[in-house]
1. Please give the length that would be gained between A228 and R150 if that part of the chain were fully extended, namely 0.36 nm times their separation in residues minus their C-alpha to C-alpha distance (nm, one decimal).
2. What accessible area per residue, rounded to a whole number of Å², is obtained for segment 2-261 using a probe radius of 1.4 Å?
3. Beyond 36 Å, what percent of the Cα pairs of segment 2-261 remain?
4. Once you have the Cα-Cα distance between T235 and A177, take 0.36 nm times their residue separation minus that, and quote the gain in nm to one decimal.
5. Please report, in whole Å, how far the alpha carbons of segment 208-262 spread along each principal axis, starting with the longest.
6. With each pseudo-label sitting 7 Å past Cα toward Cβ, what's the D158-D21 distance in nm, one decimal?
7. Over the chain, calculate the relative contact order: mean separation of alpha carbon pairs under 8 Å at least 6 apart, over the residue count, as a percent.
8. Please enumerate, by chain and number, the lysines with C-alpha under 24 Å from the C-alpha of K207, excluding those fewer than 8 residues away in the same chain.
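The values are calculated or read from the model by the stated rules, or taken from the named source; none is laboratory data. This structure is a prediction, so every number in the text was calculated from the model and none was measured. When we count neighbours, we look across all protein chains shown, and the Cβ atoms used for this are built from the backbone with ideal geometry, even at glycine. Note: areas computed on protein heavy atoms with side chains; ligands, DNA, RNA excluded. Shrake-Rupley method; radii C 1.70, N 1.55, O 1.52, S 1.80 Å.
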Amino acid sequence: MGILNVTPDSFSDGGRFSDLDAALARAQEMIGEGAAIIDIGGESTRPGSARVEQQVEIDRVVPVIEAIASRFDVPISIDTSKSAVAEAAIKAGAEIVNDISGLRFDERIADVAAATNAGLVLMHSRGEFESMHSKPPVENIVAEVSNDFRRSLAIAEDHGVAKVKIVLDLGIGFGKAVEQNLELLARLDIIAGAFPDHALLVGASRKSFIGRVLNGAPPDGRLSGSLAAAVIAVTNGARIIRAHDVKATVDALTIVDAVLGE
Ligand code: 7PM
């Protein structure tokens, strides 16, 4: 799953038309590098970032989704926690809703997914939008993630989302201490075993726990660490990897597949 951010800071050269062009070029590049899904987000979840009005988020993502959907045969996911944005995105051509709140912020996301037969990614996170990145750690992160997955799954199924459409995501970096992100990757096999009906998605790409373990490496110095995390995740049972660096990630995982195939 290749990441395509369409927040104003993501493409620097301003001007609506060139923003759309830049997004399209990046999508095309990631597809060429082997991305199987393009994940489009119009709201930054950076620590301390302000929430974006839903109409602003819609205005950012819809033109990009329409442009990609009309040109390329690739599934598009919409990274949002708002049902109105999910609905507009699906109308524009998205097929998957990627909710970082796991239905905690807006349950109607499940109604939208059920009504449109869209895929639904339920990501684990702790705390509200503003406090998500500063929550004190819990005792047993594997147990908490598993319990919260059950709660999110129950809501989704109550709203009529088919089991087979639901993907679970550990939510690396969302309200978790560095050691807990490492523990989740180390024990991913336990979580995968507990949820055999669902594919697991992991997004560790360039995240701050990698920078911390690598003595302060900046985001553009975290590629090797991100690849190591992706390899561990897939080896331990993840089925989808969310990544910025698609070519390098696909290469690393092609080797993993080749080895596991023997
Ligand atoms: C700041 C902090 C900026 C975190 C961006 C992020 C995930 C996601 C994000 C994930 C799924 C990033 C994150 N992370 N959706 N959206 N899984 N499903 O690094 O791990 O892109 S935002």
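1. Additional length available on full extension: 25.2 nm.
2. So segment 2-261 comes to 46 Å² accessible per residue, rounded to a whole number.
3. 7 percent
4. Values: separation 58, 0.36 × 58 = 20.88 nm, distance 2.25 nm.
The span from T235 to A177 would gain 18.6 nm if fully extended.
5. Extents along the principal axes, in whole Å: 37, 21, 16.
6. Result for the modelled spin labels: 4.9 nm.
7. 16 percent
8. In chain and number order, the partners are K82, K135, K176, K247.
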